[in-house]
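Undergrad: One structure, pasted below without further comment.
The values are calculated or read from the model by the stated rules, or taken from the named source; none is laboratory data. The structure presented is a predicted model; accordingly, all values stated were derived computationally and were not measured. We place every Cβ from the backbone using ideal geometry, glycine too, and count neighbours over all the protein chains shown. Just the protein is used for accessible areas: all its heavy atoms, side chains included, with ligands, DNA and RNA removed. Shrake-Rupley method; radii C 1.70, N 1.55, O 1.52, S 1.80 Å.
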Amino acid sequence: MSASPKTRIVGTAQIRKEGVDKVLGRAKYVDDLEIEGMWYGATVRSSIPRGRITGIHFSPNLPGIDWSEFVVVTAADIPGKNHIQMIAADQPCLAGGMVNHCDEAIVLIAHRDKRRLPAAVSGVRVEYEPFTAVLSIEDSEAQREIIWGDNNVFKQFHLEKGNVDSVWATAEHIVEGEYHTGAQEHLYIENNGVIAEYNEEAGIKVWGSLQCPFYVHKSLMAVFDLPADKVRVIQTETGGAFGGKEDYPSVLASHAGLLAMKARRPIKMVYDRMEDLAATTKRHPSRTRHRTAVDKNGKLLAMEIEIATDGGAYSTLSSTVLSRATLHSTGPYVCPNVRIHSKAWATNTVPYGAFRGFGAPQTIFAIERHMEQVAKAVGIDSTEIRRRNFLHDGDSTATEQIMREPVILDILLERALEESGYHAKRKAFAIENANSAIRRGMGIAAFYHGSGFTGSGERTLNSLAGIDVTVDGRVRVLVSSTEFGQGTNTILTQIAAESLGIPYEDVEMAPPDTGIVPNSGPTVASRTSMVVGKLIERAGRQLIAALRDSAGLGELYSTQDFLTACENHRAIHGTVESLCRYEAPPNIFWDDRAYRGEAYPAFAWAVYVAEVAVDTTTYSAEVTNFYAVQEVGKVLNPTLAAGQIEGGVAQGVGYALYEKVILKNGHMANNQMTNYIMPTAADVPPIAVFFEEIPFEHGAYGAKGIGELPHDGPAPAILNAIQDAIGENFTSIPLQPEDIFVRLAFVNAGEAVEA
Amino acid sequence: MRGDPEAHTLHAGNSLSEVLARLASAPGEWTPLAGGTEVMVAHAAGRLTPGKFISVWGLPELGGIAVSDGSISIGGGVTFGQLRRHELIASEFPLLTRAASWIGSIANQNRATLAGNIVNGSPAADAPPALLVYDAEIELVSSSGRRRMPYADFHIGYKRNQMRPDELVLALHLPRRFTRHAQYLRKVGTRRAMAITKVAIAGAALVEDGVVREIRLGAASLANRPVRLVNTESELLGRPLDSGSSSAALTALRNEVLPIDDIRSTAAYRRQVAVNLLAEFLDELVVTRGVR
Amino acid sequence: MSICWSAIEITINGESASVQVPPMKRLLDVLREDLGLTGTKEGCGEGECGSCSVRMNGELVNSCLVPVLQADGARIETVEGLAIDAELHPLQKAFLECGGAQCGICTPGMLMAATQLLARNPSPSLSEIREGLAGNLCRCTGFMKIFDSVIEAAAMNGEMKNAR
């Protein structure tokens, strides 16, 4: 373990860079903005999950609606390709012939007065020839209806290590289990929205609430058949994203752009909550089946895992979500023989997309629940089953990646047990539970989260980022990485200030505008601190080196000295700019076919402990305390880092116990905040956060990724705690009181109870 | 925002008599609008039929909490925020104070009114179970006068009540005779705050010498309207408080309630939890008032 | 149907304002559109998220549920009125120091709810803070640093009082 060099700014709790505007209420989100002459757009959506459009009619004689005042756009108006360019290009921008999910966009309308739009949307009547819809993984697997490709499978992976089949006959214990996770909605408090402007000369310009300006840029190029320099995307202050604004904004930007093009005026499209809930992406539902062989001491001998995810109607991000789900499905354990089959299935539901964790929460839920059952089969406790199987330095994973960086799961486990009072509490609860309607329990989850893109993904992204100094002396970080609450602006300016040797206050972010900044890759995959931050760190050092070399910058300097040297540099070179391109760490070899090698350049590691109380009068489970212990490399900003963990844990608590997407015929029936339930300030448990830091050489100042890790652990820790409290093994989330009731009533009655 | 503000008329009600005159002049044409916590949600969702609204917000005749020796009168326009802050209500009618604290959030409590909660008529409404248990009387007013009836008679079906289109809820009157009663109120929702009720049971009982002299049980989300559980009460009234009467009461409850499956919960869950809540109340009674 | 617009007079952050608007226009929309005060946000339109919270006559309300006619003559306070000139309100300072704002969209409403809480209860317990903020949803922070911010602001206020 190398000691981290002392830093002045990195590692300290600098105030959020854009924080003052936020607390003043001055930060401008897209719906706060107006452009002269702007009109408003709305969307007519499919009311059936699958069918052929046979007619579109505009109701005449609607009170207050004069159709001649409206601009109308259909698929026929698309100048370029009618698809949203993602990994594949199967998702239409607007449905032309077939609709493949409820709430699929068919017609766009715009009007000067936004209050006319709801009645107008209702006044567009679409006729369909309905087809049989496929509405679940099992339906899709049955392949009675083929709705995508030739077999309904968006993507599949097959991973083999060792020889699983050699083990079953002789293993002391074989444990099987099946685990289900439901869809989950991001519920960012700011709904999706964009403003688009189009003219023949300049092309298309879009402002919006989004994570990845260059993803939107690429999509718009295809829809409008425009070259790169005729498309400009600017991120506005974004009120939460969590992955929900990774791909969807490309859809919305295309829609607003098409209306802007046809209307010849700027168009604002901001969804209300009902539309955002119903029509935009959510977390992939999943089913994971485990078959596990262990010896008499509980050492893992073989794991056979089958994973199925529901991708919705179009492929969008399902292949990469499946990849991460697959690569996190074996848990932080050593297992010599592994077989994983995974498939992402098409269904006639709103396409599922990115959401914090991106497949890992789904399969980590499964493995961490499953390890509990394995422990019970062997007769050892939850902590021991993990200790006996944890990865250590030098061990190899399911993809045969050797752990070259330190792995301190034992230390994390001990710390988590100590901080949570795990053993003492369990002893006390065992006594109290016997005489109380409230049953308490403790549960653990151990897990990792791979930082950055999988395998060769970062190489493919080939990110470019850096620092410049403007003629008026502004020192700017140049990235397309966006701020949406997680702290991008703050940590990247901290890194820049550190590497330039100037105060934090003297560095700012360049506007997140594709016309100004280079493509540092999408703001996803827990890569911003580690990968993009590293580019900024290098760019800063590179600039200082150049200034020392040929612009007269001395050993010690003030900000003014630095700026003077910059002007000297500008006089020679014309600009003051330092850009760096991604360099892969050595020893990253990834075989995409065999799914073998270095899956991720770095891992963050964690052990979480949940303390729950189950009220047997109401069958409600609540989390009463939560302890999150993790090793994340260098903590760049302790306040922001803890804030990420706390926020991620709260979402994980929602995922486990509160948040349910109720679909009726493929449409989200509970598409209102009153019926999609997230925990309030009165519901969240106290969350205690602890960091261990082992600097990772290839991450900015030693940092690894942190944003998604905290959503991986809570759900299994909570259900493990519930099993500890009431002795019942629940294998499906969200777990609601009604589900606990059915199980307990079944147990009490000794017969099936109607749910 | 799917509603069109220009599709609706809203007049300020300058005095109670002006409002009542308007309601009487065109019965059924004008809808009273109090705090708006229901109407404005429908408005934003585009579900509010174009209509004529008359604001009763802030009318002094509907406000105020009056205390006399025998009763407390709570104006229909009193908000739940105001209700919560009233010390005598907290002391003598704690179930009502507790119910008020469960309505939405602080911001919603500052706008939601007692009359609005009752007249909206949701079977899940928070105030009714406590009002039922406290033998509340509801006083209605119109331009032709006032009338009172037991609140227990007010709701007659799903979102149907005894009010005429020209009437407003003037006040709820609660007799000050519950200070010796054992009281119980528990709400089960989807989360600890801002939760629509899945099940709620309110109870007040007078137990003397181990015998139940008085019993009232009110329920939310267990029928198509707020109800008194009269069959269940009759298994307890006048009987010794013991395992026999408890058991009979729980069975009666199981048969009396008519819960449904809906987007928030299931009938089976609601029924069982209602039984559990009653059992909890009866256990408390036995412990505090029963004769062993 | 064409209806009569109403002349509405309000005091907004201490200043008088008059608007001519449909009486059923939401106070939220009047603030954002007619008065240009975009600090107050719409997150749900149902009174569930609290991002539209303002204080009306000293009481916290969800402005998405108030028809503007009922705000006629009222004293309205929004986030824009918290800071005095260049001086941040103690709650704003605390939110900055403690990390109470991440994406910031819930922050204006949260600040108004916290202002209301501290006005009624200058030294709230953690459980009183939880209740006071239960009507304001935050999806980013998990609420922990919002609680810290309120506790810190309460302490700051206490010190200010003691300093006198």
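Undergrad: Kirkwood Rh, Cα Rg: Rg to Rh for region C:90-163?
TA: So for region C:90-163, dividing Rg by the Kirkwood Rh gives 0.94.
Undergrad: Taking a virtual spin label 7 Å from the Cα of C:Asp34 along the C-beta vector, which residues in region C:69-103 bring their backbone nitrogen under 11 Å of it?
TA: The answer is C:69-73.
Undergrad: While we're here: Quick one: how many lysine pairs in region A:100-241 have C-alpha atoms under 28 angstrom apart, if they're 8 or more apart or on different chains?
TA: Lysine pairs satisfying the spacing and distance rule in region A:100-241 number 5.
Undergrad: R0 = 30 Å: FRET efficiency of A:Ile35 with A:Arg459, Cβ-based, nearest 0.05?
TA: 0.15
Undergrad: So what is the 222 nm mean residue ellipticity for chain A from helices alone, if each DSSP H run of at least 4 adds -39500 (n - 2.57) and you divide by all residues, rounding to the nearest 500 deg cm²/dmol?
TA: Estimated from H runs of four or more residues: -8500 deg cm²/dmol.
Undergrad: To continue, here is another question. In square angstrom, what is the accessible area per residue of chain C with a 1.4 angstrom probe?
TA: That works out to 34 Å² for each residue.
Undergrad: Right, something else. What's the buried accessible area, both sides, between B and A using a 1.4 Å probe, rounded to 100 Å²?
TA: 2400 Å²
Undergrad: Still on this model: Equivalent-ellipsoid semi-axes (√(5λ), Cα gyration tensor) for region A:325-466, whole Å, largest first?
TA: Whole-Å semi-axes of the equivalent ellipsoid: 33, 21, 16.
Undergrad: Let me ask you something else. On the accessible surface of region C:90-163, probed at 1.4 Å, how many percent belong to carbon and sulfur atoms?
TA: It is 54 percent, rounded to a whole number.
Undergrad: Leaving out ligands and nucleic acids, and using a 1.4 Å probe, what accessible area per residue does chain B come to in Å²?
TA: With the other protein chains kept in place, chain B gives 38 Å² per residue.
Undergrad: Using a 10 Å cut-off on Cβ to Cβ distances, tally the other chain neighbours for every residue of C:46-57 and report the average as a whole number.
TA: That works out to 6 on average.
Undergrad: Need one number: buried accessible surface between chains A and C, 1.4 Å probe, both sides summed, DNA, RNA and ligands left out, in Å² to 100.
TA: The buried area between A and C, both sides summed, comes to about 3700 Å².
Undergrad: Still on this structure, I have one more. Which of the residue pairs A:Lys376/A:Lys425; A:Lys6/C:Lys93; B:Lys159/B:Lys198 have a Cα-Cα distance greater than 22 Å in the structure shown?
TA: A:Lys6/C:Lys93, as the Cα separations exceed 22 Å there.
Undergrad: Would you mind calculating the gained length between A:His573 and A:Asp113 on full extension (0.36 nm times residue separation, minus the Cα-Cα distance), in nm to one decimal?
TA: Computed gain between A:His573 and A:Asp113 is 160.5 nm.
Undergrad: Next question. Find how much the distance from B:Arg164 to B:Asp69 grows on full extension, using 0.36 nm per residue of separation minus their present alpha carbon separation; answer in nm with one decimal.
TA: Result: 31.1 nm gained on full extension.
Undergrad: Going 7 Å from the Cα of A:Asp591 in the Cα-to-Cβ direction, what parts of region A:145-181 have a backbone nitrogen less than 15 Å from that spot?
TA: A:158-163
Undergrad: Which value, in debye to the nearest 20, gives the size of the charge dipole of chain A about its Cα centre, when Lys and Arg are +1 and Asp and Glu are -1 at the Cβ?
TA: 480 debye
Undergrad: According to a simple spin-label model (label point 7 Å from Cα along Cα-to-Cβ), what is the distance in nm between A:Lys427 and B:Glu284?
TA: Between B:Glu284 and A:Lys427, the simple spin-label model gives 3.5 nm.
Undergrad: With a 1.4 Å probe on protein heavy atoms only, work out how much accessible surface B and C bury together, total over both chains, in Å² to the nearest 100.
TA: Approximately 2700 Å², summed over both chains.
Undergrad: For the protein assembly as shown, compute Rg over Rh where Rg is the Cα radius of gyration and Rh is the Kirkwood radius from the inverse mean 1/r over Cα pairs.
TA: 0.97
Undergrad: Same structure again: Given Cα positions, please report Rg to Rh for region C:8-81, the hydrodynamic radius being the Kirkwood one.
TA: Rg divided by Rh gives 0.91.
Undergrad: What distance in nm separates the two pseudo spin-label positions at A:Arg387 and A:Lys664, each 7 Å out from Cα along the beta-carbon direction?
TA: 5.3 nm
Undergrad: Between the DSSP loop rule and a limit of at most 11 other Cβ atoms within 10 Å, which GluC sites (Glu not before Pro) in region A:696-731 are left?
TA: When the GluC sites (Glu not before Pro) of region A:696-731 are filtered for loop state and at most 11 Cβ neighbours within 10 Å, A:Glu697 remain.
Undergrad: As an exercise, use a Förster radius of 45 Å and the Cβ-Cβ distance of B:Asn14 and A:Glu201 to find the FRET efficiency, rounded to the nearest 0.05.
TA: Between B:Asn14 and A:Glu201 the formula returns 0.15.
Undergrad: Note every residue of region B:1-28 with a reduction of at least 40 square angstrom in accessible area, all protein chains present versus the isolated chain, computed with a 1.4 Å probe, or write none.
TA: Buried on complex formation: B:Met1, B:Arg2, B:Asp4, B:Pro5, B:Glu6, B:Leu10.
Undergrad: What's the carbon and sulfur percent of chain A's accessible surface, probe 1.4 angstrom, rounded to a whole number?
TA: 49 percent
Undergrad: In nm, give the distance between the simple-model label positions of A:Lys262 and A:Ala88, each being 7 Å from the Cα along the Cα-to-Cβ direction.
TA: 2.8 nm
Undergrad: On full extension of the chain, what length is gained from A:Glu160 through A:Val471, given 0.36 nm per residue of separation minus the C-alpha to C-alpha distance?
TA: The span from A:Glu160 to A:Val471 would gain 106.3 nm if fully extended.
Undergrad: Do the sum for chain C: with -39,500 (n - 2.57) for every DSSP H run of n ≥ 4, divided by all residues, what is the mean residue ellipticity at 222 nm, to the nearest 500 deg cm²/dmol?
TA: Calculated from helices alone, the mean residue ellipticity at 222 nm is -9500 deg cm²/dmol.
Undergrad: Okay, next question. Over the whole of C:124-134, what's the average partner chain Cβ count within 10 Å per residue? Rounded to a whole number, please.
TA: Whole-number average of other-chain Cβ neighbours for C:124-134 is 4.
Undergrad: Which percent of Cα pairs goes in each bin when the distances of region A:82-218 are cut into 10 angstrom slices starting at zero?
TA: Going from the shortest bin to the longest, the percentages are 7, 21, 31, 22, 11, 6, 3, 0.
Undergrad: Mind checking the per residue accessible area of region A:93-221 for me, 1.4 Å probe, whole number of Å²?
TA: Accessible area per residue: 39 Å².
Undergrad: Shifting gears a bit: Find me the longest stretch of chain A that has none of the exposed trypsin sites (Lys or Arg not before Pro), where exposed means in a DSSP loop (not H, G, I, E or B) with at most 10 other Cβ atoms within 10 Å.
TA: It works out to A:297-592.
Undergrad: Something else: For region A:97-143, taking Cα atoms only, what is the radius of gyration to one decimal and the Dmax to the nearest whole Å?
TA: Using the Cα atoms of region A:97-143, the pair Rg, Dmax is 15.6, 48 Å.
Undergrad: Calculated FRET efficiency, A:His180 and B:Ala248, Cβ-Cβ r, R0 41 Å, to nearest 0.05?
TA: 0.50
Undergrad: Just going by the charge dipole of the protein assembly as shown, with Lys and Arg at +1 and Asp and Glu at -1 on Cβ, which of A:Ala202, A:Gly633, B:Leu222 is farthest out on the positive end?
TA: B:Leu222
Undergrad: Using only atoms on other chains, find how many Cβ atoms lie within 10 Å of each Cβ of peptide B:185-191 and report the average.
TA: Shielding by partners across B:185-191 averages 5.
Undergrad: Right, something else. Rounding to the nearest 10 and keeping the result within 0 to 90°, find how far the Cα-based axis of helix B:243-256 lies from the longest principal axis of chain B.
TA: Approximately 30 degrees, to the nearest 10.
Undergrad: Would you mind putting A:389-401, A:304-316, C:69-81 in packing order, based on average other-beta-carbon counts within 10 Å, highest first?
TA: The most tightly packed comes first, giving A:304-316, C:69-81, A:389-401.
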